[in-house]
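The values are calculated or read from the model by the stated rules, or taken from the named source; none is laboratory data. The model shown is predicted, which means the values in this text are computed figures rather than measured ones. Every residue, glycine as well, gets a Cβ built from its backbone with ideal geometry; the counts of neighbours run over all protein chains shown.
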Number of protein chains: 2
Amino acid sequence: MPFMPRVLLLGATGETGSSILDGLLESNKYEVEILVRASSVGKKAVMDIQDRGVKVRVADLTASEDELALVLSGIDILVSAIAAQDQAAQKNLMRAAKMAGIQRVIPCAYATIAPPQGVMLFRDEKEEVYNEIKRLALPYTIIDVGFWHQLSFPRVPSGRADYAVLLQDSTTIHGDGEAPNILSDLRDVGRYVARIIADDRTLNRHVYGWSDILTETEIFGIVEELSGEVIEREYISSQQLEADLKRASAEHAKNLEDPAKRLGFYILQTLYSKYVRRDNQPSYAKYLGYLDARELYPDFVPISFRDFFAEVLAAEAKRPYAHLTVPKTLEH
Amino acid sequence: MPFMPRVLLLGATGETGSSILDGLLESNKYEVEILVRASSVGKKAVMDIQDRGVKVRVADLTASEDELALVLSGIDILVSAIAAQDQAAQKNLMRAAKMAGIQRVIPCAYATIAPPQGVMLFRDEKEEVYNEIKRLALPYTIIDVGFWHQLSFPRVPSGRADYAVLLQDSTTIHGDGEAPNILSDLRDVGRYVARIIADDRTLNRHVYGWSDILTETEIFGIVEELSGEVIEREYISSQQLEADLKRASAEHAKNLEDPAKRLGFYILQTLYSKYVRRDNQPSYAKYLGYLDARELYPDFVPISFRDFFAEVLAAEAKRPYAHLTVPKTLEH
């Protein structure tokens, strides 16, 4: 039997983590285990994963580095899909990973292409973790995937796509609608991860996976074509986005601990980065030193946006964050 | 006549800047101009450069971006060798460079290999500039050179090397003396810059130049062999270095604006990085994504440490920072 690297996945019950778990298991290339906090041990989502034959390790990330290093013993590759608000907790884990002799860490990335500092707080917080990894000289790979199909399509007037829409103002065109964006199907995230994490070419590199590079104009066009419906577009100018961002930034600064203010700020920064700065595109990824997963794995067939939206129309799609009630006023 | 890119050099009268000016002029591949502040226009060092046929542009980096962009008009490549304490002033200049359509910027680096954040304040300040460049999507190259030969040799008992020694406690071995270090002759810095800045392979990359990879034990051995003298070694343990660094860090924190405290802190952080963390070596440079200039330019013949020290013994070397009076208590 060939050597199967032992992979420990953190955050396996989340949206990205679930995709990664599926991708790792389907690949048949890894011994997969998951890491959960003590308070999650009895939860249904965790027990469901155990029922798939996946071993569970238990630790709280606030434990000492020594304790965490023990929990990591025997692990070859550590994959983190920790929740957005918990990025900083990974630093302790990375120090433990160094002590435990982990061969490669995959810190939580799986996001849009953006500069390392000063544009998206969400990205800045990840950079702090990447910099801790570099201080430790830990072997790593950063994997980004652009924006999900699942969050990138507008409602149609008949309402038949509404069941799959997370945020209700999805019919807004931002700026001129011509910013190209890197898109991936959420289900492909794990399939990319399974390819990337044991590939020597991706060691100590940034890599991005994708299925489509589409503008909002193109996305709305595909949706209208497949549905046969005409979308009533709303528009927000770049200037308005910038003004909204300034206001959200001031609100966040006054209420640093308020998760709703923080989420609003994150979302506006993401919109600004995607549609005004136009960061989330291949030319900028290349500038920042990313490898292109499609060039590394020419045989990989991703789920296209077109195929994904056909599933939405066939009532076969799933809304991400299905358990969340989302306020109608939040932009996606 | 072939196309000669127009290079503007900032900091041309400094130690690194002088080497870069020489390297650019000797290469015969560039139209070289220098940028000086208004208050420096009449200075002898600037007039000496003008006498070599180099055009002078005048600007203060505190000027508006618009004004600076005008000053940069017609420039293809901007090379900064700004003083250590002025790193942050480059941010404004980089925004102007973006406006002016500069094809490549070389921000001030020319230092040892070190992680981007949290180990050396000196490096952290540079990272802020690199991150501004990345936010702007400005084409760039980062060029590091390790530590200079000129600051890396011990005195010998006869005193015949003293004229070239900057800091008097040069006979100290740090830790076990076995940390490998990337070394370059100061005069090679400009020769490397002239090769690197117009090379497509180095666009948006980090590159390091070097002549030798030597431990302190090896350096002392070469010096004893060439001089025929025996050096009385002093020793400082890694633990002592760490304790000194903690003290210097606390002193710096209490006196953020005191340049002497800052310099002491910089120096101890550098010693800690080089000799305890062992950052300044090829394997870590490779981990951090650096290209190796010796691999890019196999025909480049650098000045070796051995040849440099033979010049010292022949009374042909020059002490760097010749105009500075250096307190005896500072470690280099």
- Query: How many residues are more than 17 Å from the chain's Cα centre (by Cα) and touching a residue at least 12 places away in the same chain (Cβ under 8 Å) if we restrict to the stretch B:177-204?
  - Reply: 10
- Confirm whether A:Arg294 is more than 14 Å from chain B (Cβ to nearest Cβ) and in contact (Cβ under 8 Å) with a residue 12 or more places away in the chain. yes
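Has the stretch A:127-138 got any residue that is more than 13 Å from chain B (Cβ to nearest Cβ) and on the phi < 0 side of the Ramachandran plot? Explain how you work it out, then say what you get.
To start, the set of residues in the stretch A:127-138 that are more than 13 Å from chain B (Cβ to nearest Cβ) comprises none.
No.
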- Screening B:Val46, B:Val145 for residues that are within 20 Å of B:Glu33 (Cα to Cα) and either in contact with a strand residue (DSSP E or B) (Cβ under 8 Å, 6 or more places away or on another chain) or among the aromatic types (Phe, Trp, Tyr) (or both) leaves only B:Val46
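Table: residues versus (1) among the β-branched types (Val, Ile, Thr); (2) within 14 Å of another protein chain (Cβ to nearest Cβ).
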{"position": "B:Phe122", "(1), (2)": "no, no"}
{"position": "B:Glu125", "(1), (2)": "no, yes"}
{"position": "B:Asp144", "(1), (2)": "no, no"}
{"position": "B:Ala161", "(1), (2)": "no, no"}
{"position": "B:Val165", "(1), (2)": "yes, no"}
- Note on A:Ile49: of the conditions (1) surrounded by 14 or more Cβ atoms within 10 Å (Cβ to Cβ); (2) closer than 20 Å to A:Gln103 by Cβ, unmet is (2)
- Query: Does A:Ile303 fit the bill of being farther than 18 Å from A:Asp188 by Cα, away from chain B (no Cβ under 14 Å) and either modelled with pLDDT of 95 or more or within 18 Å of the chain's Cα centre (by Cα) (or both)?
  - Reply: no
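Kindly indicate whether A:Arg306 is of a type in the set (D, E, K, R) and touching a residue at least 60 places away in the same chain (Cβ under 8 Å). Steps first, please.
Numbers: of a type in the set (D, E, K, R): yes; touching a residue at least 60 places away in the same chain (Cβ under 8 Å): yes.
For A:Arg306, the condition - of a type in the set (D, E, K, R) and touching a residue at least 60 places away in the same chain (Cβ under 8 Å) - is met.
Just for the stretch A:98-120: of the residues that are in a strand (DSSP E or B) and among the β-branched types (Val, Ile, Thr), which one is nearest to the other protein chains (Cβ to nearest Cβ)?
The extreme case among them is A:Val105.
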- Message: Kindly evaluate B:Glu26 against the criterion of being at pLDDT 95 or above, within 13 Å of B:Leu93 (Cβ to Cβ) and of a type outside the set (A, V, I, L, M, F, W, C).
- Response: no
- Count, please, the residues in the stretch B:114-144 that happen to be more than 20 Å from B:Arg195 (Cα to Cα) and touching a Leu at 6+ places or on another chain (Cβ under 7 Å). 1
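From the list A:Ala111, A:Ala59, A:Ala96, which residue is modelled with pLDDT of 95 or more and under 23 Å from A:Gly209 (Cα atoms)?
Numbers: A:Ala59 fails: under 23 Å from A:Gly209 (Cα atoms); A:Ala96 fails: under 23 Å from A:Gly209 (Cα atoms).
Of A:Ala111, A:Ala59, A:Ala96, the one residue that is modelled with pLDDT of 95 or more and under 23 Å from A:Gly209 (Cα atoms) is A:Ala111.
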- Message: One residue is enough: does the stretch A:254-268 have a residue meeting the conditions in contact (Cβ under 8 Å) with a residue 60 or more places away in the chain, within 30 Å of A:Ala198 (Cα to Cα) and either more than 14 Å from every other protein chain (Cβ to nearest Cβ) or surrounded by fewer than 16 Cβ atoms within 10 Å (Cβ to Cβ) (or both)?
- Response: no
- Task: Just need a number here: residues in the stretch B:149-171 that are more than 19 Å from B:Leu226 (Cα to Cα) and of a type outside the set (A, V, I, L, M).
- Result: 2
- Residues satisfying the stated conditions in the stretch B:130-172, i.e. among the hydroxyl-bearing types (Ser, Thr, Tyr), part of a helix (DSSP H, G or I) and crowded, with 17+ Cβ neighbours inside 10 Å: B:Tyr130
- Sole miss for B:Lys286 among (1) without any contact (Cβ under 8 Å) to a residue 24 or more places away in the chain; (2) more than 14 Å from chain A (Cβ to nearest Cβ) is condition (2)
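Determine, yes or no, whether A:Gln85 is at negative phi, under 22 Å from the mean Cα position of the chain (by Cα) and surrounded by fewer than 21 Cβ atoms within 10 Å (Cβ to Cβ). Walk me through how you get there before you give the answer.
On the way: at negative phi: yes; under 22 Å from the mean Cα position of the chain (by Cα): yes; surrounded by fewer than 21 Cβ atoms within 10 Å (Cβ to Cβ): yes.
Here the answer is yes, as A:Gln85 does meet what is asked.
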- Query: When residues of the stretch B:153-180 are filtered for being under 20 Å from B:Ala310 (Cα atoms) and either of a type in the set (A, V, I, L, M, F, W, C) or in contact with a strand residue (DSSP E or B) (Cβ under 6 Å, 6 or more places away or on another chain) (or both), how many remain?
  - Reply: 8
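Taking A:Leu241 as the residue in question, decide whether it is over 13 Å from A:Pro154 (Cα atoms) and aliphatic (A, V, I, L, M). Break it down stepwise before answering.
On the way: over 13 Å from A:Pro154 (Cα atoms): yes; aliphatic (A, V, I, L, M): yes.
Yes; evaluated as a whole, the condition is true for this residue.
Tell me the residue from A:Lys274, A:Lys318 that is in contact (Cβ under 8 Å) with a residue 12 or more places away in the chain, outside any helix (DSSP H, G or I) and under 23 Å from A:Arg155 (Cβ atoms), please. Even if it seems obvious, please write down each step before you answer.
Numbers: A:Lys274 fails: outside any helix (DSSP H, G or I).
Among A:Lys274, A:Lys318, only A:Lys318 is in contact (Cβ under 8 Å) with a residue 12 or more places away in the chain, outside any helix (DSSP H, G or I) and under 23 Å from A:Arg155 (Cβ atoms).
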